[in-house]
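Asker: Shown below is the structure under consideration.
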Amino acid sequence: MIVQTGKEKEMSREREPLVTHIYTADPSAHVYDGKIYIYPSHDIPHDGEDNDNGDEYQMQDYHVLTMDHIGAECVDHGEALHIKDVPWAGDQLWAPDAVYKDGKYYLVFPARDKEGNFRLGIAVGDDPAGPFTAQPDYIEGSYSIDPAAFMDDDGKVYIYFGGLWGGQLEKYQSGVFDPEGKEPGPDEPAVLPRCALMSGDMTGFESGPVEVEIRDENGELLLASDEERRYFEAPWMHKYKGKYYLSYSTGTTHYIVYATGERPTGPFTYRGRIMEPVIGWTTHHSIIEFGGKWYLFYHDCEYSGGINHRRTVKYTELHYNEDGSIQTISPYEKSK
Ligand code: FUB
């Protein structure tokens, strides 16, 4: 029998499932009061088939996970919000995020409304681990999925969102829902993620949503055919040395990539890959600084043997180069 000492045991959690008693995905990590809070989706196991509409992702509630520090045991705080307590929601509680503002914790989350269209909602709580109380209606003017909340140094909160296919973003290219909306042709600019400024009381959008431009090294918008670099879903925003880093999933090519800019609303210039594909179709992440180091939280389907809707949340350290670029992570190679 191998008895792990404290340090070895802590190190062994890197790139391992943080919990296995439930399936978790889409981890949005934050540091509140010196502790790591993770807001994941809660995957429900079933035997149904996968499709391009994402019908296999049948999530009904949210659990909040915490770690006292990197490598510490991960604690599940139980159900923080259930879909039955969200008056406007019909189905599928997908990837959430959270933000702390003026003494309250706000869970920002997508769900299909009663008509089957994805919308974004807000739920409020006094404790970062929940429970959260949902507002009676979704955010007016919201659509699609994968909200990521970012508070800038001036206290303004921006929500980045949008996802293609099941997430319906290609159906909102004109700003209103078009059931026939398709992805642009190969030589046309790709569909862009959206960004909205939240009102001070966090009840709705103060301005936006606007498209967030992602350009190549020549200043041209990335094309729809550029599937290794164009936006698909799962945005995250963080700031490093004064620059804004927009990272996201390329979906069909399964990379986590990033682009940098000078302002929270862009434009952004594509910079490179953060992570090579994981086991499973989806890839979704968040980035935090903790104890002077940077970490990527992500999910994969290794634990379930590759079943796309049985995902588990993991983390690994993320390294910057001197010029601010991010070193690409190979998820199944030994970490540095
Ligand atoms: O969890 C459901 C969907 O899968 C998310 O919204 C996407 O980002 C992908 O991870």
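The values are calculated or read from the model by the stated rules, or taken from the named source; none is laboratory data. Everything numeric in this text was worked out from a predicted model, so none of it was measured. Cβ coordinates were reconstructed from backbone atoms using ideal geometry, including for glycine residues, and neighbour counts include every protein chain displayed.
Asker: Against the condition more than 29 Å from residue 153 (Cβ to Cβ), buried (at least 19 other Cβ atoms within 10 Å of the Cβ) and modelled with pLDDT of 95 or more, how does residue 191 come out, does it pass? If you could, list the steps in order and put the result at the bottom.
Answerer: Details: more than 29 Å from residue 153 (Cβ to Cβ): yes; buried (at least 19 other Cβ atoms within 10 Å of the Cβ): yes; modelled with pLDDT of 95 or more: yes.
Judged against the criteria, residue 191 is a match.
Asker: Looking at (1) out of contact with any Ser or Thr (no Cβ under 7 Å at 6 or more places or on another chain); (2) basic (Lys, Arg); (3) modelled with pLDDT of 95 or more; (4) assigned to a loop (DSSP other than H, G, I, E, B), which is the one condition that is false for residue 310?
Answerer: Failed condition: (1).
Asker: When you go through 226, 178, 153, 201 one by one, which is the residue that is modelled with pLDDT of 95 or more, under 25 Å from residue 114 (Cβ atoms) and either in a loop (DSSP other than H, G, I, E, B) or among the charged types (D, E, K, R) (or both)?
Answerer: 178
Asker: Applying the selection to segment 252-286, what residues are within 13 Å of the chain's Cα centre (by Cα) and not in a strand (DSSP E or B)?
Answerer: Hits for segment 252-286 are 282, 283, 284, 285.
Asker: Then there's this: Right, residue 54: modelled with pLDDT of 95 or more and at positive phi or not?
Answerer: No; evaluated as a whole, the condition is false for this residue.
Asker: Here is a further query. Across segment 160-175, which residue is modelled with the highest pLDDT among those that are over 21 Å from residue 50 (Cβ atoms) and polar (S, T, N, Q)?
Answerer: Here the residue is 173.
Asker: Could you please tell me which pairs satisfy a Cβ distance under 6 Å, a separation of 6+ or placement on different chains, a first residue in segment 217-233 that is polar (S, T, N, Q), and a second residue that is part of a loop (DSSP other than H, G, I, E, B)?
Answerer: Every condition considered, the pairs that remain are 225/186.
Asker: Being within 14 Å of the ligand (Cβ to nearest atom) and either more than 29 Å from residue 135 (Cβ to Cβ) or in a strand (DSSP E or B) (or both): is that true of residue 39 here?
Answerer: Spelling it out, residue 39 is indeed within 14 Å of the ligand (Cβ to nearest atom) and either more than 29 Å from residue 135 (Cβ to Cβ) or in a strand (DSSP E or B) (or both).
Asker: Among the residues of segment 241-248, is there at least one that is among the polar types (S, T, N, Q), under 18 Å from the mean Cα position of the chain (by Cα) and within 14 Å of the ligand (Cβ to nearest atom)?
Answerer: Looking for residues that are among the polar types (S, T, N, Q), under 18 Å from the mean Cα position of the chain (by Cα) and within 14 Å of the ligand (Cβ to nearest atom), one finds at least one in segment 241-248, hence yes.
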